[in-house]
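The values are calculated or read from the model by the stated rules, or taken from the named source; none is laboratory data. Just so it is clear, the model here is predicted, and its values are computed rather than measured. No Cβ is skipped: glycine too gets one built from the backbone with ideal geometry, and neighbour counts run over all protein chains shown. Keep in mind that these areas ignore ligands, DNA and RNA; they rest on the heavy atoms of the full protein, side chains included. Shrake-Rupley method; radii C 1.70, N 1.55, O 1.52, S 1.80 Å.
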Amino acid sequence: MSRVLTPEETEKFVTLLTSSQDVLYRYVLTLMSGQHNRAKDVLQEANLVLWRKSSTFKFGTDFEAWAKRIAHFCVLSEIRDRNRKPVLFGGELIEKLVSEYDAETACVDERNERLKECIKKLPANHRTMVRKRYYEDLSVSSIAKLNGRSAETISSLLYRIRLALMDCVRRTANS
């Protein structure tokens, strides 16, 4: 018998589910070999399954890994159901795509960690610029107004910061 989520758990679950939609869509799209409409349909089905199974999720564990596994089964189910029609590829290729996707995701995760470390090394005013632009999603002109500078100056500074971060991420990858 499955338990019922508390209102707080339901809110946490909905937050996890909605914040993972981009990741899940890219994952399903990769497995569906770029078929956008079918990937959207499979994601929709995966979301329904995730919601139905929400009471089985263990909070504190990796939600995205759990959700990807369910999405993986939804893709396999879609392919199985399609077997009545000509199939472009089968389960073996899907497994290979999953493996490659996981490897690529690990690389991206590692790169993101290096980027976080590089951001920590920036001067405080540069970290503030990065936070305002990329985390708070403020426009360049808004940041310029806040700092009493021109938009061109802020744009140029952000460009130099991005170059420095790219260089830092590359250096730390090679060390």
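Remarks
- Solvent-accessible heavy-atom area per residue, rounded to whole Å², over the chain at 1.4 Å: 66
- Within-10-Å neighbourhood charge of ALA173 [Cβ basis; K, R +1; D, E -1]: +3
- Gain in span if fully extended, LYS145 to LYS96, counting 0.36 nm per residue against the direct Cα distance: 12.6 nm
- Above-threshold pairs, the threshold being 24 Å between Cα atoms, out of LYS12/LYS68; LYS121/LYS145; LYS53/LYS116; LYS40/LYS96: LYS121/LYS145; LYS53/LYS116
- Surface/4 estimate of mean projected area, convex hull on alpha-carbon atoms of the range 1-82, nm²: 5.5
- By average C-beta atoms within 10 angstrom, highest first, the peptides 28-41, 139-152: 28-41, 139-152
- Separation of the range 49-82 from the range 123-164 is 39 Å, based on Cα centroids.
- Both radii were evaluated on the Cα set of the chain; the Rg over Rh quotient, with Rh as the Kirkwood radius, amounts to 1.09.
- Atom-type composition of the exposed protein surface of the chain places 54 percent of the accessible area on carbon and sulfur (1.4 angstrom probe).
- Computed [θ] at 222 nm, deg cm²/dmol, the chain (DSSP H ≥ 4; -39,500 (n - 2.57); rounded to nearest 500): -25000 deg cm²/dmol
- Applying both filters, DSSP loop and at most 12 other Cβ atoms within 10 Å, to the trypsin sites (Lys or Arg not before Pro) of the range 53-82 gives LYS58.
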